[in-house]
Amino acid sequence: MHQTGAGVELRHKILQYAQERIDLDPAPLDGPKSPADLFALAGKTITEAGLGGEKSLEIFAEVLAPSTISTDHPNYLSFIPAAPTELATLFDLVVSASSIYGGSWMEGAGAVYAENQVLSLLADECGLGENAGGLFVQGGTLGNLSALVTAREKAINELGEHKWAIICSSESHSSIKSVAKVMGVKTFAGDAGSSGSLSKAAAAKAIQEAQDSGYTPFAIVGTAGTTNFGILDDLNGIAELAKEHSLWFHVDGAYGLAGILVPELKHLYKGVEHADSFIVDPHKWLYAPFDACALVYAEPKYAKAAHTQHGEYLEILNDSGDFNPSDYAVNLTRRVRGLPLWFSMASHGVGAYRTAIASNVDLAHKIAKDVQDRSYLRLVRNPQLSVVVFERLGWDTKDYEDWSAKLLAEQFAFVVPSSHQGKTNTRFAIVNPTTKYEDLLTILDSME
Ligand SMILES: *Cc1c(COP(=O)(O)O)cnc(C)c1O
C-alpha cells in the first residue's frame, strides 16, 4: 500500500491540486451543505475495495472542498479568520511530508530548535525573562488548559488541596470556562463593564467573591484582545493584583497578542512582561495555517513538573535531560506545528509581520470611521486592534441573518451576526492583508 498507492500521475494530480488551491486569488468562499445533500453528491466513500485515488480526489475537489468555507477569503470576516502566508502554507506540506515526531528532542531536535526560536522571539517581544520557553500546541483552548493546569499544580504544591478558582473576565473567551470544567474548578468573572476591559478593581472584586464563597483562587487570566471586540484588559493592573495575591498570571492572547509586534501598539500590552504564561495562536493573526497555538511560560520548570508523562517506554526520554516539548502541555505525540510559521518568519523577516499586522489595525480603524459616518449604523465600541463591531439600527436578528445569508449566497462575503448584552450586531474581524477597504464599504452599503 505504501509503495504502490500513488502512481506518478496521481501524485502529480494531488500536488497540482494543492498548488492550484494555493494559487486561487481569491479562493471561492463556498459554503456548507446538509449531510443529506452531501450523501446525495458524494455517497459512501469508504468501501472494502477502495475507490482509487483518482475518484477520491475528484470527490474531494468537486463535492467536499466546495462544501467548506475558505477562511482565507479576503471577505471572510467572521469569528477570527485565517490568512496564512503562501510560504507558511507551502511549508505545512513539507511538515506533512517529513514525518517528524515533535514531542521529544531526541527525535525532533532540528525542528524543535526552529520552533523554539519563534517562541523566543515572542517571549522577547512580551518582555519575559531569559528562562522563558514553551511549545506549540493544537489551539488556544489546549494552551489555556495546559497553562492553567500548570498553575494549579504549583498552587497544590505550595498550599495543599483547596476548592480552586480561576479569576477571569466577563469577556473572557469561552475556552476559560471549558477549561475550568475539564479541571473541575470554578471560575469567578470580574465585570468588564461598558469598556469591555477588565480593570484591577473588577478583578479584585472577583477574587473577594471567590474567597467569600469558600474558594481559593490560584490563577488570574488577563485577555490581550477579546474575541468579540479585540479589547485588552488592564494587564498591568491585573499583574499587580496577581502579585499581591500570589496568583499565577496567565495572558490569553490567542487572537490579539500578535499586535505586540507593532511598535505603536506595544503600550497597550503593558504588564504582559509579568505574565507567568501566555498564549498566542499563529492560525489567528500570525498568518499561519491551522492549527497552532504558541504557549510560553516564564518558568517552564513548573509546566514540566505538571505535565511530564511517565512510562517504561518514556523514561529514556525523561532521563536524557533534553528539552522535550511534550513535557510542557497536555499532549504527547506532537506535530511540529510551529514550523510553517518558523519558515515564513525566517524567510520574510519579523518586519514584514509587523507591517502586515499594522495594516490590519489601520484598516479596522478606517472602516470604523465609515461606520460612524453612516446614520443607519452604530459603532458599538471603538476598536483597539482589528475587530470592528457595529449595529444596523432598526434590524432584528432575522434581518441580520437574512442579510448575512445573502452575502454568502452571492459569494461576496462571510459576515455572520454576533451579539453583545443580548443585542444582535455584526462584526468585521480583519486579519487578512488582502482584505480591501472598498469591499468593506460595499458590505456597509448592503445594509442600508
Ligand atoms: C480563539 C480564542 C481562544 C481559543 O483558541 P482555539 O485555537 O480556537 O482553541 C482562546 N482565547 C481567545 C481570546 C481566543 O480568541
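So, residue 286, is that one closer than 30 Å to residue 432 by Cβ, out of contact with any Lys or Arg (no Cβ under 8 Å at 6 or more places or on another chain) and surrounded by 24 or more Cβ atoms within 10 Å (Cβ to Cβ) or not? Yes, satisfied.
Identify the residue in the range 154-177 that is of a type in the set (S, T, N, Q) and surrounded by 13 or more Cβ atoms within 10 Å (Cβ to Cβ) and, among all such residues, is farthest from the ligand (Cβ to nearest atom).
Only one residue fits best here, namely 170.
Annotation: residue 194 fulfils all but one of (1) touching a strand residue (DSSP E or B) at 6+ places or on another chain (Cβ under 7 Å); (2) modelled with pLDDT under 95; the unmet one is (1). Report yes if some residue within the range 71-85 is in a helix (DSSP H, G or I) and within 16 Å of the ligand (Cβ to nearest atom); otherwise report no. No, because not a single residue in the range 71-85 is in a helix (DSSP H, G or I) and within 16 Å of the ligand (Cβ to nearest atom). If you go through the range 107-144 and keep only what is polar (S, T, N, Q), more than 16 Å from the ligand (Cβ to nearest atom) and open to solvent by less than 50 Å² (accessible area, probe 1.4 Å), you end up with just 116.
Among the candidates 268, 257, the residue that is within 16 Å of the ligand (Cβ to nearest atom), surrounded by fewer than 22 Cβ atoms within 10 Å (Cβ to Cβ) and not assigned by TED's automatic domain parsing to the domain that holds residue 429 is uniquely 268.
The rows are residues; the columns are (1) more than 13 Å from the ligand (Cβ to nearest atom); (2) among the charged types (D, E, K, R); (3) surrounded by 20 or more Cβ atoms within 10 Å (Cβ to Cβ).
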site	(1), (2), (3)
179	no, no, yes
196	no, no, yes
199	yes, no, no
206	yes, no, yes
229	no, no, yes
241	yes, no, yes
248	yes, no, yes
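Sub-7 Å Cβ pairs linking a first residue in the range 354-375 that is open to solvent by 30 Å² or more (accessible area, probe 1.4 Å) to a second residue that is not in a helix (DSSP H, G or I), at least 6 apart or interchain, are 354/262; 359/433; 365/383; 372/379, ordered by first then second residue. Could you please let me know if residue 327 is assigned to a helix (DSSP H, G or I) and touching a His at 6+ places or on another chain (Cβ under 7 Å)? So residue 327 fits the description; yes. Scanning the range 40-54 for residues that are open to solvent by 60 Å² or more (accessible area, probe 1.4 Å) and either outside the structural domain of residue 7 (by TED's automatic domain parsing) or under 20 Å from residue 11 (Cβ atoms) (or both) turns up 51, 54. If I filter the range 391-398 for residues that are free of Cβ contacts under 8 Å to residues at least 24 places away in the same chain, of a type in the set (Lys, Arg) and more than 30 Å from residue 101 (Cα to Cα), do I get at least one hit? Among the residues of the range 391-398, at least one is free of Cβ contacts under 8 Å to residues at least 24 places away in the same chain, of a type in the set (Lys, Arg) and more than 30 Å from residue 101 (Cα to Cα), which makes the answer yes.
The values are calculated or read from the model by the stated rules, or taken from the named source; none is laboratory data. Remember, it's a predicted structure, so these values are computed and weren't measured experimentally. Note that we place each Cβ from the backbone using ideal geometry, even for glycine, and neighbour counts take in every protein chain shown. In case anyone asks, the SASA skips ligands and DNA or RNA and just uses the protein heavy atoms, side chains included. Shrake-Rupley method; radii C 1.70, N 1.55, O 1.52, S 1.80 Å.
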